[in-house]
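Before any comments, here is the structure.
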Amino acid sequence: MSSYTILGLMSGTSMDGLDISHVNFKIKDNGKIEFTVNQCKTYPYSKYTLNKLRRSKNLNTEEILVLDKELGLIFAQKVNEFLSKNKIEKNSIDAIASHGHTIHHQPQNGFTQQIGCGDTIAFKTGIKVINDFRQKDVIAGGQGAPLVPIGDKLLFGDTAEAYLNIGGFTNICIPRKKTIAFDICPGNLPLNEIVNKIGLEYDKDGELARSGEINSEILERLNSLDYYSREKHKSLGTEWLEDKFTPLLHSIKKEEDKLRTIVEHIAIQVSKIVVQHKIKSLFITGGGAFNSFLIGQIDKNIEAKIILPPATIIDFKEALVFAFLGMRFLRNEINCLSIVTGASKDTIGGVLHLP
């Protein structure tokens with residue numbers, strides 16, 4: 001039996017903050033994997049950092065390089081704080097596996113970019129770091145996404161027929177004989193952007209959306225976007241959201257009506273996939289799992305049983321899975337599946353940074 005202790009770091013497009021998970025993995029002689037999430041915490045970003053991340057796509061090259069180092073330093077500081085608070089010895093950690101923060105995702109143009117300098121994290125923490133998990137898959141002709149399906153399949157594979165994550169975007173993994181996984185549609189990102197403008201962090205339980213009315217004309221236009229007619233090997237980025245999705249909402253005057261229309265759109269797109277693939281049970285994670293109105297709208301449209309795991313898994317599954325990808329990197333094992341990304345071959349994604 002082999003064992004590994006990894007810190008998983010995740011900074012998602014919904015910009016809730018930096019998620020850190022302290023995870024132990026045990027690989028038994030028969031290949032079975034067991035894991036324990038010991039401690040986990042989300043560190044919100046300061047308003048200064050949040051504002052820079054929100055406008056990161058519009059920064060020039062020099063500003064992006066500066067932000068890359070700034071974010072790496074923030075990650076390192078939070079890791080050191082996390083370890084100190086939980087009395088975890090640094091020499092007990094085999095590696096930090098950091099997703100970084102995506103600011104550009106254009107696989108059709110051959111690149112994806114996650115910032116949060118790995119060398120800075122390694123130097124400031126004294127722990128080896130694995131990051132840049134998506135790049136090799138894009139080089140191999142893939143989308144560089146989704147990366148979580150291998151974790152869904154090997155860590156949670158017996159729990160449900162399909163795994164839905166509602167983060168900044170909404171993605172699904174269906175781990176059958178041939179695993180299917182892709183981004184379905186937007187998730188929390190457009191919802192949070194709307195309520196941020198009226199001084200709220202998020203729409204708690206979807207109450208504002210619940211009070212709004214659906215704009216049927218805009219809903220139809222959203223559902224008719226070209227992305228939804230593509231069959232497989234597809235992923236979404238903030239560029240698509242800003243260019244194709246958000247402009248359609250501008251004609252809706254009331255914020256609650258925008259929210260209600262987006263919630264209905266998400267529910268429709270998710271239900272289409274569930275029905276199409278005859279899914280009987282759906283395991284839901286990500287911040288959207290706490291949006292009871294959104295989950296209720298999805299539930300209305302499907303016959304599948306909805307499974308909501310403990311809050312730790314809902315909130316920190318992606319950080320857990322990136323810890324898992326980091327462990328597989330250390331073991332020289334495939335951590336990115338070409339069958340879901342469309343790459344020419346399976347790859348071992350990641351770049352190692354020594355302290």
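Rule-based calculations on the coordinates, nothing more; no lab input. Predicted model, so just to flag it, every value in this text is computed and none were measured. Please note: Cβ atoms are built from the backbone with ideal geometry, for glycine as well, and neighbour counts cover all protein chains shown.
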message = What number results when the radius of gyration of region 160-308, computed over Cα atoms, is divided by 2.2 N^0.38 Å?
response = 0.99
remark   = Cα extents of region 39-178 per principal axis, largest first, Å, are 43, 40, 28
remark   = Bridge orientation stat for region 160-308 from DSSP, antiparallel percent rounded to 5, came to 60
inquiry  = Using +1 at the C-beta of Lys and Arg and -1 at the C-beta of Asp and Glu, which of Q143, T159, I266 has the Cα lying farthest in the positive direction of the dipole of the chain?
reply    = T159
request  = Would you mind getting me the FRET efficiency between E242 and N332? Use the beta-carbon distance for r and R0 = 22 Å, nearest 0.05.
outcome  = 0.05
K178-N301 pseudo-label distance in nm [points 7 Å out on the Cα-to-Cβ vector] = 2.6
ask   = Roughly how big is region 125-190's charge dipole about its Cα centre, with Cβ charges of +1 (Lys, Arg) and -1 (Asp, Glu), in debye to the nearest 20?
value = 200
message = Tell me the relative contact order for the chain as a rounded percent, counting alpha carbon contacts under 8 Å between residues six or more apart.
response = 23
remark   = Within the under-12-Å Cβ sphere about D346, not counting D346, Lys/Arg +1 and Asp/Glu -1 give a net charge of +1
ask   = Using 0.36 nm per residue, how much length does the chain from I214 to E89 gain when fully extended, once their Cα-Cα distance is taken away?
value = 39.7 nm
request  = Let me have the relative contact order for region 160-308, percent, based on Cα pairs under 8 Å that are six or more residues apart.
outcome  = 33
Charge dipole (debye, nearest 20) of the chain; +1 at Cβ of Lys and Arg, -1 at Cβ of Asp and Glu = 660
Charge dipole magnitude, Cβ of K and R +1, D and E -1 - region 160-308, Cα centre, debye nearest 20 = 720
key: Cross-link table K136/K345; K69/K124; K26/K136, entries beyond 19 Å C-alpha to C-alpha   = K26/K136
query = For the pair S292 and K232, how long in nm is the line joining their label points, each one 7 Å along Cα→Cβ?
reply = 3.9
key: Residue-averaged 222 nm ellipticity for the chain, from DSSP H runs of 4+ at -39500 (n - 2.57), nearest 500   = -11000 deg cm²/dmol
ask   = Between N291, N332, N171, which gets the highest mean-square fluctuation from a Gaussian network model of the chain, Cα cutoff 10 Å?
value = N332
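Could you grab the Rg to Rh ratio for the chain? Cα atoms only, Kirkwood for Rh.
Working: Rg = 19.5 Å, Rh = 20.5 Å.
The Rg/Rh ratio comes out at 0.95.
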query = Restricting the count to DSSP beta bridges whose residues both fall in the chain, what percent are antiparallel, rounded to a multiple of 5?
reply = 75
